[in-house]
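The values are calculated or read from the model by the stated rules, or taken from the named source; none is laboratory data. Predicted model, so just to flag it, every value in this text is computed and none were measured. Here the Cβ positions follow ideal geometry from the backbone for every residue, glycine too, while neighbour counts run over all protein chains shown. When the accessible area is computed, the model is the full protein with side chains, heavy atoms only, and any ligands, DNA or RNA have been set aside. Shrake-Rupley method; radii C 1.70, N 1.55, O 1.52, S 1.80 Å.
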Amino acid sequence: MNTALLLLFFTACEGEPPEQVLTTDLSYYQDVAPLLSRSCVGCHDANSTLGAMDLSSYEQAQTWAPVIASEVEAGTMPPWRADTDCNSYKDTLALSEEEKGLILEWATLGTPEGDPQAATELTEPRRPPTLDRVDMELTMPVAFTPAGSPDDYRCFLMEWPAEQDVWVTGFEITPGNYETVHHVIPYLIDPEDADGYRALDAADEGEGYRCYGGPGGDVTTLINTRWLGSWAPGGGASTFPQGTGLQVAPGSLVAFQVHYYVEPGTTPEPDQSSIQLKIEEQAQGWGDVQPWTDVQWVLGLGMEIPPETQGVTHTFSYALGQSDRFAMHSLALHMHTLGRSGRMVVKHEDGSETCLIDVPAYDFNWQRSYLLETPYVAVPGDTIELTCTWDNPGSEQVSWGDGTGDEMCLGISYLSAP
Ligand code: HEC
């Protein structure tokens with residue numbers, strides 16, 4: 001990429017206000033297009049299914065420049081919340097401070113176009129990855145039209161069809177209606193808990209049952225449930241590290257949780273989303289989507305967020321036992337809407353620290369999993385520390401729960417044997 005030369009000349013003439021002359025070779029074709037291509041166009045192109053406007057041409061970028069600048073400055077677009085000073089992640093969409101500066105400067109300068117003949121070569125837009133093979137597909141039993149507005153959280157149970165143990169080695173979630181599906185988290189329910197979930201489903205009128213922040217169910221069943229994956233706009237398929245997978249027993253269920261968002265004043269269309277899975281019948285190395293949290297919090301103790309407070313922080317530390325050895329591949333953080341920031345670090349015996357994920361501006365609507373460039377291999381002596389921070393402007397104390405007004409603090413990580 002060309003380094004932009006930005007020269008500012010100030011000429012102050014006597015008796016006249018200072019005149020500002022800007023000369024720069026900063027332009028769309030040389031500087032801005034490559035950044036938009038890499039970090040934005042994967043979601044923002046002419047055939048976007050996500051309802052995101054096209055940002056793949058000069059004309060479009062120019063039209064949207066003021067909004068682009070404000071979103072980039074606020075750090076809300078691209079929707080990449082993990083701080084890249086903390087660790088390095090695969091397929092990052094993040095813009096560096098310098099890159100952000102270029103986009104802002106370009107907008108301020110009135111969106112100079114530059115010479116298309118001398119355009120910097122574009123990198124391929126970072127598009128969501130896909131699966132190389134689909135062995136099983138589970139679809140919501142019937143189409144569902146969200147009734148709550150603006151938000152409706154619904155879990156749909158899907159029977160697990162395999163008749164013997166199999167290993168899931170990859171997943172991809174396909175929303176049936178990109179207009180209303182805001183995000184999806186399918187949970188794996190063990191066979192012994194399946195009836196409890198069927199009862200939840202039966203007790204709630206209509207298709208599926210209401211659930212928020214989890215698949216529902218009591219604390220013990222909640223601890224047993226595993227994440228089968230997650231989807232948020234722009235998220236694609238995940239393939240687990242070679243030779244590892246999630247073991248699933250026959251008789252399991254999938255509780256497919258969908259967060260619907262209905263733009264106020266609009267009439268929602270029905271949705272029938274699905275999940276595609278890559279499956280192995282031969283045993284794979286142990287893999288697990290591990291939630292990290294303090295069991296005390298889940299039991300309703302010690303995660304109080306008092307009313308009318310800002311920056312309330314709670315921390316959970318887990319010291320690895322002598323037999324604990326695993327590799328951590330991906331990281332995600334989960335809070336509800338009061339969540340402001342969160343991080344997960346490893347404290348080593350010698351006092352040093354490895355940052356795993358740091359989300360300085362958490363947004364409930366843009367939760368995703370971040371894949372470490374280099375997996376972290378945890379060893380005995382390490383302490384894993386999870387910290388969540390909330391703002392509570394309301395007049396009620398908030399603590400752990402699966403209601404809209406409750407909170408959670410979870411780290412989620414894909415683990416395998418080292
Ligand atoms: C992972 C997908 C994704 C990526 C990558 C992405 N966006 Fe977006 N963007 C969206 C979606 C979806 C919307 C629609 C609004 C929403 O759901 O928040 C949106 C909305 C916007 C808006 C409109 C906000 C408004 O107030 O109407 C702007 C401007 C924008 N994006 C700019 C960018 C820029 C610039 C980049 C790259 C630096 C980028 N986006 C990268 C998905 C993405």
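Tell me the accessible surface of V134 in square angstrom (1.4 angstrom probe, heavy atoms of protein chains only), to the nearest ten. Accessible area, nearest 10 Å²: 80 Å². The 3J(HN,Hα) values that the Karplus relation (6.51, -1.76, 1.60; θ = phi - 60°) gives for the stretch 133-146 are, in residue order, 6, 10, 9, 8, 10, 10, 10, 3, x, 9, 6, 10, 10, x Hz. Gly and Pro appear as x. Label-to-label distance, E207 versus S395, with points set 7 angstrom from Cα along the beta-carbon direction: 4.0 nm. Size descriptors for the stretch 232-341 (Cα atoms only): Rg and Dmax, in that order, 19.1, 57 Å.
With a cut-off of 8 Å between alpha carbons and a minimum separation of six or more residues, what is the relative contact order of the stretch 232-370 in percent? Relative CO of the stretch 232-370 lands at 23 percent. Listed values for the stretch 330-340 are Karplus-derived 3J(HN,Hα) couplings in whole Hz (6.51 cos²θ - 1.76 cosθ + 1.60, θ = phi - 60°), namely 9, 9, 9, 10, 9, 10, 9, 6, 7, x, 10, and x replaces Gly and Pro. The share of accessible area on the chain that comes from carbon and sulfur is 50 percent, using a 1.4 angstrom probe. Taken over the chain, the convex hull of the Cα atoms encloses 195 Å³ per residue. Panel values: the stretch 356-402, Kirkwood radius from alpha carbon pairs, Stokes-Einstein at 37 °C and 0.692 mPa s, translational diffusion coefficient 227 µm²/s.
Close amide H partners of D382, meaning residues 5 or more places away or on another chain with modelled amide H under 5 Å apart, are L320. Each Cα pair of the stretch 196-287 feeds into the Kirkwood radius, which the Stokes-Einstein equation turns, at 25 °C and 0.890 mPa s, into a diffusion coefficient of 152 µm²/s.
Relative to the longest principal Cα axis of the chain, at what angle does helix 194-203 sit, 0 to 90 degrees, rounded to 10? Taking Cα atoms only, the helix is inclined about 70 degrees. Per-residue 3J(HN,Hα) values for the stretch 344-355, derived from phi via the Karplus relation 6.51 cos²θ - 1.76 cosθ + 1.60 with θ = phi - 60°, read 9, 10, 10, 9, 8, 4, 7, x, 7, 9, 10, 7 Hz in sequence order (x marks Gly and Pro). Averaged per residue, the stretch 237-289 has 42 square angstrom of accessible surface, using a 1.4 angstrom probe with ligands and nucleic acids left out. For the stretch 82-187, applying the loop criterion from DSSP together with a ceiling of 15 other beta carbons within 10 Å to the trypsin sites (Lys or Arg not before Pro) yields K90, R133. Three semi-axes describe the equivalent ellipsoid of the stretch 262-414; taken as square roots of 5 times the Cα gyration tensor eigenvalues and ordered largest first, they are 29, 25, 14 Å. Relative contact order of the stretch 289-416, taken over Cα pairs closer than 8 Å and 6 or more residues apart, is 45 percent.
Against the chain, whose longest principal axis comes from its Cα atoms, helix 97-108 is set at around 50 degrees.
Per residue of the chain, the DSSP helices (runs of n ≥ 4 H) give a summed -39500 (n - 2.57) that works out to -4000 deg cm²/dmol at 222 nm. For the stretch 162-230 and the stretch 288-317, what is the centre-to-centre distance using only Cα atoms, to the nearest Å? Computed from Cα coordinates, the inter-centre distance equals 23 Å. Straight-line reach only, C-alpha to C-alpha below 17 angstrom: list the aspartates and glutamates that K278 could link to, leaving out same-chain residues fewer than 8 apart. Here the aspartates and glutamates satisfying the reach criterion relative to K278 are D132, D135, E137, E159, E163, D165, E172, D288. For the stretch 136-283, the C-alpha radius of gyration divided by 2.2 N^0.38 Å, with N the number of residues, is 1.03. As a length-normalised measure over Cα pairs under 8 Å and 6 or more apart, the relative contact order of the chain settles at 19 percent. Dipole magnitude for the chain: about 560 debye, using +1 per Lys or Arg Cβ and -1 per Asp or Glu Cβ, origin at the Cα centre. A cut-off of 5 Å between modelled amide H atoms, ignoring neighbours fewer than 5 places along the same chain, links G285 with T244, G245.
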